[in-house]
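Okay, so here's the structure we're looking at.
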Amino acid sequence: MIAPPYFSIPPAGYGGIEVVVADLVDALVDRGHEVTLVGTGCHATRAQRFIATCATGPADQLGEVMPELVHAARADAILARLDADVIHDHTLAGPLTARGRLTPTIVTAHGVVSGDRGEFYRALGGTVRLVAISDAQRATAPDLPWSATVYNAIRAETFPFLADKQEYALFLGRFHPEKAPHLAIDAARASGLPIILAGKCSEPVEVDYFAAEIKPRIGADVTIVGVAGPAAKRALLAKAACLLFPIVWEEPFGLVLIEAMACGTPVVAFRRGAVSELVVHGQTGIIVDHPAELADGIAQARRLDPAVCRKHVETGFSVEVMASGYEAVYQQALGTLSWPPVTANGRAA
């Protein structure tokens, strides 16, 4: 299992991919697999073996090219010494080393697959087996050699369930134009609810966006808390009247959506990316198409049953379901399962 290079596994704060990798490792070990985890820094998983490519992950270089390339080169040298049956790579640059390798390489595409990144995956050809994290992601590049769709997952039991909510809306995510937290502030204000915003704001684009769009909107009804660690994040999600997810791009998943619903907290989101696959409109959240509809969506969401939200995650987005989906991909790659495998959302690839 090859993790991205920036954070430990699991991360202390920001790091959605790292959370998924940690849970997948533990679930595979629980199911009887022997897992070697390759990452950076340290880990707190049940992997039987952990090999670090560097002592500390370069978190301050998130998104830059060189950390990915260095990590991929070092991971390739590590893989050459291992007697692995299957390699599962969650990085961007790592798949470049798969060509000519006898061991099958599974690659989960955690980000966008259009534009230059789509061309990258096309250039890999048949050297890897590409797994999508949503059907919406696949739809943006349907010609790529997809092997399966396997949804990300969480351990719902690690998220507190609260039926009685407090009087605030929540935004949890990066302070980035694509995430549009300024629309969350406007919607909460229009609905009469105060709002708490928690998230990362460190990259130049995030700092500039915060200064231009968030700072002018800050008032008595707006609280900024910065990056929320695992405990703080869970407390914020569980107590919130609703989670606002006003994305303005085709986000391929959105882990915070299932984290909120696991806490019994309904979601109000735009119909973009994978939102319609993760949220059941009128049951676990309200999906809208325009910013002017967000405030009314908040009012509607507050009437939804928190228990339905929780059950939806426990049934469809459990770590066990995710691990089973990846097991099918691994088995097919090894020729021990007839094609096509059943995906984690219950349908063939």
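Each value in this text was obtained by applying a stated rule to the coordinates, not by laboratory testing. Owing to the predicted nature of the structure, the values given are computational and were not obtained by experimental measurement. Please note: Cβ atoms are built from the backbone with ideal geometry, for glycine as well, and neighbour counts cover all protein chains shown.
Assorted remarks:
- Cα gyration tensor, the range 6-57 - rounded (a/c under 1.5), prolate or oblate: oblate
- DSSP-loop trypsin sites (Lys or Arg not before Pro) across the range 210-304, with at most 11 other Cβ within 10 angstrom: Arg303
- Tensor-based shape of the range 142-271 (alpha-carbon gyration tensor, a/c under 1.5 rounded, otherwise prolate or oblate): oblate
- When both the range 1-58 and the range 294-328 are represented by their alpha-carbon centers, they are found 25 Å apart.
- Separation of the range 63-101 and the range 189-215, taken as the distance between their Cα centroids, equals 36 angstrom.
- Candidates Thr284, Ala180, Pro204 compared by Cα position along the dipole of the range 156-314: farthest toward the positive end lies Thr284, with charges placed on Cβ.
- Judged by the ratio a/c of the largest to the smallest principal axis of the C-alpha gyration tensor, the chain counts as prolate, that ratio being 1.5 or greater while a/b is larger than b/c.
- Under 5 Å, built H, 5+ apart or other chain: amide partners of Gly282: Ile287
- Segments 250-262, 76-88 sorted - mean Cβ within 10 Å per residue, highest first: 250-262, 76-88
- Estimated from the Cβ-Cβ distance and a Förster radius of 51 angstrom, the FRET efficiency linking Arg303 and Ile78 is about 0.45.
- Sum of -39500 (n - 2.57) over DSSP H runs of 4+, divided by residues of the chain (222 nm, nearest 500): -10000 deg cm²/dmol
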